[in-house]
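The values are calculated or read from the model by the stated rules, or taken from the named source; none is laboratory data. Since this is a predicted model, take the numbers as computed values, not measurements. All Cβ positions, glycine included, derive from the backbone under ideal geometry; neighbour counts span all protein chains shown. Remember, those area values only see protein heavy atoms, side chains included, never the ligands or the DNA or RNA. Shrake-Rupley method; radii C 1.70, N 1.55, O 1.52, S 1.80 Å.
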Amino acid sequence: MDLVSVLMSTYKEPVSWIEKSVESILSQTYTNIEYVIVIDDPTNKEVVDFLNRKEESDSRIVLVKNEKNIGLVDSLNKGLEYCSGSYIARMDADDISMQNRIEKQMELAKKECADIVGANTQTFFKEKISKEKIIYSSAWACRRVLRWISCCPHPTWLVKKEIYARLNGYRSIMACEDYDFLIRASIAGAKIINCPEPLLLYRDNLDSISHTNNYHQLATAEFLAKGYRNRHVLSLEEINGFLNSQHYENKIMSLKLYDQEHKKNIQRGISLMIRNKYIALVKYCDYAIGKLRRK
């Protein structure tokens with residue numbers, strides 16, 4: 001049984017959220033795990049005390065304490081250095097993994113010879129849980145969806161450690177480090193798939209990066225997507241040049257105007273008609289491929 005390292009970074013999440021996240025990993029049906037937790041807010045005494053107690057009571061936990069806040073990307077890259085498993089599973093401190101999440105993903109990774117395995121999610125807010133999202137499971141579909149948007153929810157990732165090593169971890173691209181990683185992995189030849197069933201409860205947190213930086217995230221993602229469609233990994237110099245350009249400012253303004261006009265959440269409303277038609281086609285092809293396999 002391969003060792004799976006679960007990698008999580010904590011910041012300002014309430015201890016009650018972190019308790020549920022931690023317990024959801026420690027109670028996994030796949031038992032050969034280590035749990036690397038990076039504490040990126042050393043001033044949060046309640047969280048630090050809780051995690052210290054958990055580390056003392058469970059030898060699978062490895063705590064990494066930052067001296068000061070260094071941000072998510074640097075915390076994840078730092079945590080990767082402590083991961084000794086042949087696979088690395090991502091986890092966010094405000095989400096909850098289903099009890100069989102890692103077991104299901106490991107089975108799929110072995111069966112499909114996949115390098116990155118994501119999963120479907122269900123969003124929850126307080127006590128209300130939404131239906132699972134539409135997700136694209138086959139490698140063919142993931143490659144094509146990746147031409148426009150991320151194909152694999154970051155908190156659900158199960159990744160071969162060698163992929164992280166080959167790509168030198170995450171690059172410092174605020175709010176888009178996961179999309180950038182998937183693009184680089186795909187161009188490097190990694191096989192990316194998703195488990196179609198929901199294996200993670202995703203907390204709808206209004207303070208999350210996807211909410212607070214949604215305009216920046218969408219503008220940056222669109223720029224990264226153009227590079228991927230040309231099979232080109234954009235350099236950090238190219239990305240920073242875009243972020244400091246008038247084109248970026250114009251894109252942010254157009255996104256804000258679009259949001260105001262349609263009175264919708266920018267995450268749901270930004271997709272252009274051509275993109276919706278394209279992804280609908282991918283969805284149908286993914287379904288057709290699955291149907292053929294079952295015959």
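Scanning region 115-166 for residues that are free of Cβ contacts under 8 Å to residues at least 12 places away in the same chain and not acidic (Asp, Glu), we see that the one that is least open to solvent (accessible area, probe 1.4 Å) is Ser130. Listed here are the helices (runs of 4 or more DSSP H) enclosed by region 1-110 that have at least 2 residues being under 18 Å from the mean Cα position of the chain (by Cα) and crowded, with 20+ Cβ neighbours inside 10 Å: 15-26, 72-80. Scanning region 138-171 for residues that are under 28 Å from Gly79 (Cβ atoms) and among the small types (Gly, Ala, Ser) returns Ala139, Ser150, Ala165, Gly169. Just to be sure before I move on: is Gly189 touching a residue at least 40 places away in the same chain (Cβ under 8 Å) and assigned to a loop (DSSP other than H, G, I, E, B) in the structure I sent? So Gly189 does not fit the description; no.
Look through Leu218, Leu200, Leu182, Leu224 and report the one residue that is surrounded by 19 or more Cβ atoms within 10 Å (Cβ to Cβ), touching a residue at least 24 places away in the same chain (Cβ under 8 Å) and closer than 23 Å to Glu13 by Cα. Exactly one of Leu218, Leu200, Leu182, Leu224 is surrounded by 19 or more Cβ atoms within 10 Å (Cβ to Cβ), touching a residue at least 24 places away in the same chain (Cβ under 8 Å) and closer than 23 Å to Glu13 by Cα, namely Leu200. Among the residues making up region 135-159, those that are part of a loop (DSSP other than H, G, I, E, B) and under 18 Å from Asp94 (Cβ atoms) are Pro153, Trp157. Count of region 111-134 residues, restricted to those that are part of a strand (DSSP E or B) and more than 17 Å from the chain's Cα centre (by Cα), is 3.
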